[in-house]
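J.: Sharing a structure, written as structure tokens. Questions coming.
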Amino acid sequence: MNQLWRTKPLSELTGDAHDKDGLKRVLTGWMLIALGIGAIIGTGIFVLTGTAAANHAGPALVLSFVLAGIGCAFAGLCYAEFAAMIPVSGSAYSYSYATLGEGVAWFIGWNLILEYLFAASTVAVGWSGYLVSFLHQVGIDLPAQLVNAPFGKLADGHIGATGALLNFPAVAIVLLIGSLCYVGIQQSAWVNNLVVAIKVTVILLFIAFGINYVSADNWTPFIPENTGTFGHYGWSGVATGAAVIFFAYIGFDAVSTCAQEAKNPQKDMPIGILGSLLVCTVLYIIVAAIMTGMVNYTELNVAAPVAKALDTHPALAWLAIPVKIGAIAGMTSVMLVMMLGQPRIFFAMSRDGLLPQFMGKVHPKHGTPHVATIITTVLAAIIGGLFPVDVLGELVSIGTLLAFVTVCIGVLVLRVTKPELERPFKTPLPWFTCTAGALVCGYLMYALPNDTWVRLAVWTAIGVVIYLGYGRKHSKLRNAA
């Protein structure tokens with residue numbers, strides 16, 4: 001039990017950051033902002049907004065984005081303090097190891113795997129759907145058996161065979177992005193910059209032209225009356241909507257996984273985390289307001305709600321193809337950043353002995369965690385090729401929220417236990433900010449469906465078995481004691 005609460009000395013963590021055989025420091029503050037925007041703007045804005053509006057919040061989806069944004073702002077400030085102070089790969093895993101002990105660090109690291117790996121697979125499935133729709137619009141139809149998952153939810157809620165063979169586009173895009181991540185972080189960042197420029201341009205076009213077709217009647221009632229079921233409209237619907245679309249905000253966490261590759265992490269990490277979060281929150285709120293103003297929220301429970309809003313107004317039909325291109329670009333960059341983040345979680349856990357050593361190897365030429373990248377790519381391709389988006393997406397938000405809660409608590413713990421540490425960036429009003437961040441994110445976890453908690457429990461049980469069977473015995477911190 002003592003080992004579970006043993007923390008990793010900060011001197012060791014900062015030593016890892018200056019390891020000459022480690023990762024290359026090539027990322028600037030602007031690159032980190034672009035990485036954050038690349039990871040944040042994607043499935044959330046192009047897919048989940050419609051579901052959240054139609055089933056939970058109605059036009060008050062705007063408030064759901066505000067609530068989720070507030071939770072993220074608190075958590076983002078905490079992340080910024082940690083990332084500037086402890087500029088290493090591993091994100092919340094590394095921060096937890098320094099503040100709350102090995103047991104909590106393993107728990108968070110294991111759930112970050114749930115977050116990144118399944119997020120990449122989820123977005124790959126969404127990417128495939130938009131690509132198939134785009135190709136159909138230009139007169140190309142792919143065989144149904146090769147663009148759908150062979151497993152899916154049946155009418156009774158259980159997972160069963162669908163008759164399809166493989167979601168080939170999902171597998172192909174994961175393999176392509178995995179190859180890019182293998183080659184190098186700088187190349188990946190430049191590709192991400194290009195893709196971000198495309199999708200932000202498309203979103204700005206939607207805002208600029210869509211605002212002329214907003215009807216205030218579609219915003220009435222702004223908060224639909226609750227149906228008697230928690231989370232189905234009313235204020236509880238706003239909260240549940242915030243929890244559902246929280247998937248859209250997980251990208252800024254991915255920025256922190258690249259701290260060990262930032263040129264000047266003490267300055268650039270807060271800029272990257274908070275800058276990308278601010279830009280994306282503003283865009284989300286504006287798009288949600290315009291979309292629900294263009295079409296009644298009851299009609300938005302579709303796979304492409306932004307396209308649905310455009311289809312309602314024939315004069316905007318010309319924007320349909322650019323929006324689909326923007327959605328494809330958006331999801332591409334999300335997958336790219338998720339698949340950059342996951343290997344770096346494996347890398348950090350391997351360096352601590354909690355996962356096999358080969359996951360911590362760095363390519364001598366490319367300076368990337370190449371073995372961990374290959375493993376991530378293969379797993380994401382298999383998962384994305386076999387399962388549908390509804391099965392995968394439910395697994396992501398709760399892991400993200402759990403990491404945010406832990407980081408908020410960790411900053412507060414370290415302020416008390418290590419007040420003398422140098423902090424290049426300080427979270428303002430830490431007692432309020434950290435507590436508020438943990439409470440808001442904790443409440444959003446509470447608002448998630450019960451079956452999400454069941455899946456978290458199963459995933460955690462698997463992680464406990466792996467920790468007891470391997471991690472506990474090979475922990476470098478334990479063996480050094």
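The values are calculated or read from the model by the stated rules, or taken from the named source; none is laboratory data. Here the structure is a predicted model, which means the values were calculated and not measured. Cβ coordinates were reconstructed from backbone atoms using ideal geometry, including for glycine residues, and neighbour counts include every protein chain displayed.
J.: Against the definition (surrounded by 24 or more Cβ atoms within 10 Å (Cβ to Cβ), more than 22 Å from residue 408 (Cβ to Cβ) and either touching a Ser or Thr at 6+ places or on another chain (Cβ under 6 Å) or of a type outside the set (Val, Ile, Thr) (or both)), how does residue 61 come out, yes or no?
T.: Details: surrounded by 24 or more Cβ atoms within 10 Å (Cβ to Cβ): yes; more than 22 Å from residue 408 (Cβ to Cβ): yes; either touching a Ser or Thr at 6+ places or on another chain (Cβ under 6 Å) or of a type outside the set (Val, Ile, Thr) (or both): yes.
Taking the combined requirement at face value, the residue satisfies it.
J.: Can I ask one more? Being under 25 Å from residue 137 (Cα atoms), surrounded by fewer than 18 Cβ atoms within 10 Å (Cβ to Cβ) and at pLDDT below 85 narrows it down to one residue among 307, 327, 315, 303; which is it? Let's see the steps before the verdict.
T.: Working: 307 fails: surrounded by fewer than 18 Cβ atoms within 10 Å (Cβ to Cβ); 327 fails: surrounded by fewer than 18 Cβ atoms within 10 Å (Cβ to Cβ); 315 fails: at pLDDT below 85.
Testing whether each residue is under 25 Å from residue 137 (Cα atoms), surrounded by fewer than 18 Cβ atoms within 10 Å (Cβ to Cβ) and at pLDDT below 85 leaves just 303.
J.: Confirm whether residue 298 is assigned to a helix (DSSP H, G or I) and over 24 Å from the mean Cα position of the chain (by Cα).
T.: Values: assigned to a helix (DSSP H, G or I): yes; over 24 Å from the mean Cα position of the chain (by Cα): yes.
So residue 298 fits the description; yes.
J.: Kindly list, by first and then second residue, each pair from a residue in segment 61-79 that is of a type in the set (Phe, Trp, Tyr) to a residue that is surrounded by fewer than 24 Cβ atoms within 10 Å (Cβ to Cβ) and in a helix (DSSP H, G or I), limited to pairs with Cβ atoms under 6 Å and residues at least 6 apart or on different chains.
T.: Hits for this filter: 65/285; 74/433; 74/436.
J.: What is the residue count in segment 341-390 for residues that are buried (at least 22 other Cβ atoms within 10 Å of the Cβ), among the hydroxyl-bearing types (Ser, Thr, Tyr) and in a helix (DSSP H, G or I)?
T.: 3
J.: Follow-up question, since we're still on this one. Being modelled with pLDDT under 85, surrounded by fewer than 24 Cβ atoms within 10 Å (Cβ to Cβ), closer than 30 Å to residue 229 by Cα and over 14 Å from the mean Cα position of the chain (by Cα) is the filter here, so list the residues in segment 28-55 that pass it.
T.: Passing the criteria: only 51.
J.: Looking at (1) touching a residue at least 24 places away in the same chain (Cβ under 8 Å); (2) loosely packed, with under 15 Cβ neighbours inside 10 Å, which is the only condition residue 204 fails?
T.: (1)
J.: Scanning segment 64-80 for residues that are closer than 25 Å to residue 413 by Cβ and over 16 Å from the mean Cα position of the chain (by Cα), which turns out surrounded by the fewest Cβ atoms within 10 Å (Cβ to Cβ)?
T.: 70
J.: Considering only residues of segment 432-481 that are among the aliphatic types (A, V, I, L, M) and in contact with a Leu (Cβ under 6 Å, 6 or more places away or on another chain), which is nearest to residue 113 (Cα to Cα)?
T.: Among those residues, the one meeting the criterion is 445.
J.: Follow-up question, since we're still on this one. Residues of segment 204-239 being of a type in the set (Val, Ile, Thr) and either assigned to a loop (DSSP other than H, G, I, E, B) or at pLDDT below 85 (or both), which ones?
T.: The answer is 214, 220, 223, 227, 229.
For every residue, the table says whether it meets (1) among the hydroxyl-bearing types (Ser, Thr, Tyr); (2) over 22 Å from the mean Cα position of the chain (by Cα); (3) closer than 22 Å to residue 260 by Cβ.
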| residue | (1), (2), (3) |
| --- | --- |
| 321 | no, yes, no |
| 325 | no, no, no |
| 337 | no, no, yes |
| 352 | no, yes, yes |
